[in-house]
Amino acid sequence: MTHDAAPVRGAARTRSLGSAKSGAADAWRMHVTAVALIPLSLAFVWIAVSLVGKDYAGARAELAQPCQAIVLLLFILAGVFHMRTGMRSIIDDYVHSPHAKEWALVANSLFSATLGVALIFAALKLGLSAGSP
Amino acid sequence: MTEVEVNLSRPESRRPLSPHLEIYRPTLTMMMSIAHRITGVALYGGTLLLAWYLIAAASGPGAFAAASWFLNSIIGKFILFGFTWALFHHLLGGVRHIIWDAGYGLDDPEREWLAKATLIGGGALTVLVWIIALLRA
């Protein structure tokens, strides 16, 4: 593969038409969260498997462990940003009417933020508790 | 398909558009790209299940018993199996994207090989995790 700055086909037609808005920042956010999510999702699966067959007290004790709680919080944080940005690019690609697009983007942000706060609150409450109350 | 509104007085409307998907012959890499998006959307919705489980565990024994009962039911297990597959498929698809972003694996034999590895790897990891999980249950 060569990385020479070859003239991009059609570049003359796009010049002076303005940027494609926040595309580059979104691509970078996707990249960073994706890299973080490789080890974090594997660790999350490990925690999920260790919860299989556990009763209430067992699950509480597991989720009260500092390592499990920290991994879960990092997974939630990276995951929520990743899914919001990913859904945003899907909306950008498929929702063409400006009005519907605006509403879809607002709904996406509100859903991701609500879910993020709910998950972080639950994980913190479980992590800070002394196992089974 | 929705028509794109074209207003030539606005500069953004004069930006050229990419050719549409329908003109291409279906290929494995194209299907994998679509599968990456579909699994992404599935995981987006699937987080609600994780939220239910964690909030239930944080709420008390009654709420936990309800969530636990659902996840251990046939439907619950089916959804969890799908979630596991979507997660691994999307995870390996993401690794593929990172390899591409670094400038590798974009040419003919490599990209086909990567697509097959993602497909087989996602299935294999899902089965492996479920064998471990079912042995523990």
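Structure notes:
- Net charge in the neighbourhood of residue A:129 (other residues with Cβ under 15 Å of its Cβ; Lys, Arg +1, Asp, Glu -1) is +1.
- Neighbour net charge for residue A:69 - beta-carbon separation under 12 angstrom, K R +1, D E -1: +1
- Furthest towards positive pole of dipole, B:92, B:27, B:105, structure part the protein assembly as shown, Cβ charges: B:92
- Sites residue B:100 and residue A:129, calculated FRET efficiency, Cβ-Cβ separation with R0 51 Å, nearest 0.05: 0.75
- Exercise: per-residue mean of other protein chain Cβ atoms within 10 Å, A:74-81: 1
- Structure remark: mean-square fluctuation, Gaussian network model of chain B, C-alpha springs under 10 Å; the largest value among B:86, B:57, B:35 belongs to B:57.
- Shielding by other protein chains, B:45-56, mean Cβ within 10 Å: 5
- Accessible area that becomes buried as A packs against B, both chains, 1.4 Å probe, Å², nearest 100: 3700
- Per residue of peptide A:33-42, the mean number of Cβ atoms on other chains within 10 Å of the residue Cβ is 3.
- Per residue, in Å², the accessible surface of the stretch A:48-133 once ligands and nucleic acids are set aside, probe 1.4 Å: 52
- Restricting the stretch A:22-76 to trypsin sites (Lys or Arg not before Pro) in coil, as DSSP defines it, with at most 10 other Cβ within 10 Å: none
- Around residue A:31: net Lys/Arg minus Asp/Glu count, Cβ-Cβ under 14 Å: 0
The values are calculated or read from the model by the stated rules, or taken from the named source; none is laboratory data. Since the structure is predicted, the reported quantities are computational estimates derived from the model, not experimental observations. We place every Cβ from the backbone using ideal geometry, glycine too, and count neighbours over all the protein chains shown. Each accessible area value is taken on the protein alone, full model and side chains, heavy atoms only, with ligands, DNA and RNA left out. Shrake-Rupley method; radii C 1.70, N 1.55, O 1.52, S 1.80 Å.
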